[in-house]
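Working notes, beginning with the structure itself.
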Amino acid sequence: MSNFVSIAIENGVAVVTIDNPPVNALSFHVRKPLYEALTALRDDPAAKAIVIACAGRTFIAGADITEFGKPVEQPELRAIIALLETIAKPTIAAIHGTALGGGLELALGCHFRVAERGAKLGLPEVKLGLLPGGGGTVRLPRLVGAAKALGMIVSGTPISAGEAKAAGLVDAVFDSDLLAEAIRFASEMAAGGGPLIPIRDRNDRLAETDIGAFDRQATDLARTARGLEAPLSCAEAVRNAIALPFDEALAAERALFIKLVAGDQSRAQRHLFFAEREAAKVPVKDLQRRRIARIGIIGAGTMGGGIAMAFANGGFPVTLLETSEEALRHGLATIEKNYAVSVSRGSLTEEAKQQRLGLFKGSTDYADLADCDLIIEAVFEDMAVKKEVFGRLDAVARPGAILATNTSYLDVNEIAASTSRPQDVLGMHFFSPANVMKLLEIVRADKTAPDALATVTDLARRIGKVAVVVGVCHGFVGNRMLSARGAENEALLLEGATPSQVDKAFTDFGWPMGPFQMGDLAGLDIGWRNRKARGQTAVIADTLCEQGRFGQKTGRGWYRYEGGSREPVADPEVEALIRAKATERGIAPRAIDAEEIIERTLYPLVNEGAKIIEERIAARASDIDVVWANGYGFPVGKGGPMFWAGLEGAARIVERLGYWHRQTGRATFEPAPVLRRFAETGRWEAL
Ligand code: 3H9
């Protein structure tokens, strides 16, 4: 009946098939024929039951996100679900792949849900800064209970078919032949003639809710929201489902959805959703990918071990190379310990742990890397050491193997030039802990072959990383911008701010922590070593390090950490040191407010991003946002620095940067031409 929705009636069971590639989103061109199909079948005596199924790789993955922010075309999803609930014959959703967001909400309008064993079901709207707006917050608690529903809706994390069955969300799980099984199930339900109660009328699970426990759970979740509105609205909507009659709770959900969908936070999170997918696209189409079966990792320290785990977690066999048997034993033991922690936390089974450990092969001989298809070096951050490693790799790696460096700063062109095959060399800058952090900067050197780049970009996705291709410069996108963000840190202190004041301005903005807390966590000695190597100084940080204050690991850094706690406590000794250094320099302290802190840290961050666009180190502004949201904790509700620049007002940023440039004369404040252009046109583009 339409290109996107078709009906077939088989043995009295009508199968409505949605076919809207790639993910069967509920676009207007699906909703309209779906509504018509269900209306026709409701009144068709030939259909004794109705199965809703999808063609392609997945059940409905939700509303069509590209339609948000535009006028809603009727029928909307809620009308289709309301129509479903008027149908007096069994309705069954047959779920394969993922039933997400509006997709699951549509399934909740059916009397029954059956799923393939590998299916996943969830309401991930919160990750787009939204709440389920098709009745999900009101219907899901009626099926699985309020506590379970709250957890699912506020986290946005989908659950497996097995878990859904145990929770009462699906009625049957099948190992294969989903459609045939769903039709059989539908026939049985039609023949059984049992009562067909729409979820809206099922109140038993809600009546069981322990309100006190629910409110405590909601309060705990609110504490982790860090300024995001959506998780709070999700909790409010589920609370309404318990406290209000169905239709009132539904109307309240709608009102919250409309508010969120029009807000900046959801716009920002939707921007990041599409930005991540855009970043993963390699501009050259139809490129052959290289075959990648075995991965070699050089260096079994924190970084190398984490990278090795990331690949083993993705199912790849890994050869781990170290310089001595002892270092190798130590590295492998750490990996085993990390997996054991996951088992003890319940996030990994003992069987999966053994399976993953079985993928590791340790070696101290470069010759053992000869059968690897991708070899990643994670050794000491020193050009001479890296060049030596690449020279040795050049001698043993098979022709066509991709050779990658995990350098955070060094010149990948220079490293590539130390081999006879620069076309096979690129950077893979993982973030620590590499088995956890999602970001991967893939560094394209001047001679990197496009197929090597495309292969690694695909591979990154296969191991669950968010990949961004960047060009060669000191610190690439992330660390280069981080330096710009931190350039004023010490000046702010000398002029009168305290570390806790600066950090608070950051956490109030939505960052998980401020720069001084971050420094203490990472270890102040790292920056100290880097500065010494580059002949640079930092007047306060250097003194802290000379005093052995390296941060959390020594119990003292910018803050004091008492009794092994990770809780930073402001330290009068540090404040006295800051004042002494200021006096030495003849700087009189003055009051510095949060606005100034943001202007002097985050405006230069945006400005450096503009320079990165100009130099074509990043292909798009949205790639920079992906780096910052996934690798550095930039608040997702602000969409990354380049998106936020638009929210903040680019003209204001240009004006204030100009002011600080005049005040200090420092180059970080000089507004970049690309930023000025953005202020005029609203578009980020290289000039
Ligand atoms: C919602 O439902 C609101 C309702 O409660 C209320 C309504 C009133 N819409 O990720 P992939 C595109 S909110 C439009 O690479 P995978 C995506 O951009 C929605 N487009 O595939 C990409 O396009 P391109 C709640 C969408 O296999 C292509 O599909 N649902 C949508 O790695 C392939 O995507 C969600 O938040 C969409 N809903 O992963 C689920 N989804 O090729 C969002 C995807 O041009 N989606 N696209 O770059 C996902 O989580 C993943 O896409 C999924 C597949 C797991 C489904």
Given the options 38, 34, 83, 26, name the one that is in the same structural domain as residue 139 (by TED's automatic domain parsing), in contact with a helix residue (DSSP H, G or I) (Cβ under 7 Å, 6 or more places away or on another chain) and in contact (Cβ under 8 Å) with a residue 60 or more places away in the chain.
26
Please note which helices (runs of 4 or more DSSP H) are completely contained in segment 99-159 and include at least 1 residues that are out of contact with any Pro (no Cβ under 6 Å at 6 or more places or on another chain) and under 22 Å from residue 22 (Cβ atoms).
102-108
Is it true that residue 229 is at pLDDT 95 or above, under 27 Å from the mean Cα position of the chain (by Cα) and not small (Gly, Ala, Ser)?
yes
Looking at 58, 66, which is the one that is within 7 Å of the ligand (Cβ to nearest atom), touching a Gly at 6+ places or on another chain (Cβ under 6 Å) and not aromatic (Phe, Trp, Tyr)?
58
Filter segment 345-388 for residues that are of a type in the set (A, V, I, L, M) and in contact (Cβ under 8 Å) with a residue 60 or more places away in the chain and give the result.
369, 374, 375, 376, 378, 379
Where in segment 169-229 are there helices (runs of 4 or more DSSP H), lying fully within it, with 2 or more residues that are open to solvent by less than 30 Å² (accessible area, probe 1.4 Å) and assigned by TED's automatic domain parsing to the domain that holds residue 125?
178-192, 211-223
One residue from 297, 307, 292 being over 27 Å from residue 155 (Cβ atoms), assigned to a strand (DSSP E or B), in contact (Cβ under 8 Å) with a residue 24 or more places away in the chain and away from the ligand (no atom under 13 Å from the Cβ):
297
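Tell me the strands (runs of 3 or more DSSP E) entirely within segment 332-443 that contain at least 2 residues that are open to solvent by 30 Å² or more (accessible area, probe 1.4 Å).
The qualifying strands (runs of 3 or more DSSP E) are 360-363.
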Tally, over segment 8-26, of residues that are open to solvent by 10 Å² or more (accessible area, probe 1.4 Å) and within 19 Å of residue 79 (Cβ to Cβ):
2
Just checking, which of 149, 241 is crowded, with 18+ Cβ neighbours inside 10 Å, in contact with a Ser or Thr (Cβ under 7 Å, 6 or more places away or on another chain), of a type in the set (Gly, Ala, Ser) and at pLDDT 95 or above?
241
Of the candidates 424, 382, the one satisfying the condition of being at pLDDT below 95 and farther than 30 Å from residue 341 by Cα is 382
What helices (runs of 4 or more DSSP H), lying completely within segment 576-687, carry at least 2 residues that are in contact (Cβ under 8 Å) with a residue 60 or more places away in the chain and farther than 25 Å from residue 495 by Cβ?
594-614, 621-631, 641-648, 673-681
Only listed residue being of a type outside the set (Asp, Glu) and over 33 Å from the mean Cα position of the chain (by Cα), chosen from 352, 367, 416, 340
367
Restricting to segment 475-505, name every residue that is farther than 26 Å from residue 436 by Cβ and modelled with pLDDT under 95.
487
Subset of segment 244-289, residues at pLDDT 95 or above, within 28 Å of residue 438 (Cα to Cα) and not in a helix (DSSP H, G or I), comes to 263
Name, by its number, the condition in (1) surrounded by 15 or more Cβ atoms within 10 Å (Cβ to Cβ); (2) under 20 Å from residue 178 (Cβ atoms) that does not hold for residue 42.
(2)
Here's a check for you: in segment 125-146, which residue that is farther than 19 Å from residue 254 by Cβ and either of a type in the set (Val, Ile, Thr) or open to solvent by 10 Å² or more (accessible area, probe 1.4 Å) (or both) is nearest to the ligand (Cβ to nearest atom)?
127
Failed criterion for residue 71 (all others in (1) open to solvent by 10 Å² or more (accessible area, probe 1.4 Å); (2) modelled with pLDDT of 95 or more; (3) away from the ligand (no atom under 11 Å from the Cβ) hold)
(2)
Reported set for segment 511-549 where residues are surrounded by 15 or more Cβ atoms within 10 Å (Cβ to Cβ) and free of Cβ contacts under 8 Å to residues at least 24 places away in the same chain is 514, 518, 527, 528, 531, 542, 545
Can you pull out the residues in segment 295-314 that are closer than 14 Å to residue 462 by Cα and not hydrophobic (A, V, I, L, M, F, W, C)?
313, 314
Within segment 495-510, work out how many residues are over 17 Å from residue 557 (Cα atoms), assigned to a helix (DSSP H, G or I) and open to solvent by less than 20 Å² (accessible area, probe 1.4 Å).
2
Write out, first by first residue and then by second, each pair whose Cβ atoms fall under 8 Å of each other, whose residues are 6+ apart or on separate chains, and whose first residue, in segment 156-168, is in the same structural domain as residue 96 (by TED's automatic domain parsing) while the second is part of a helix (DSSP H, G or I) and of a type in the set (D, E, K, R).
156/125; 156/127; 167/148; 168/205
Of the residues 683, 676, 662, which single one is under 27 Å from the mean Cα position of the chain (by Cα) and open to solvent by 70 Å² or more (accessible area, probe 1.4 Å)?
683
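The values are calculated or read from the model by the stated rules, or taken from the named source; none is laboratory data. Being a predicted model, the structure only gives us computed values, none of them experimental. So basically every Cβ, Gly included, is an ideal-geometry build from the backbone, and we count neighbours across all protein chains shown. Accessible surface is based on the protein model in full, side chains and every heavy atom, while ligands, DNA and RNA are left aside. Shrake-Rupley method; radii C 1.70, N 1.55, O 1.52, S 1.80 Å.
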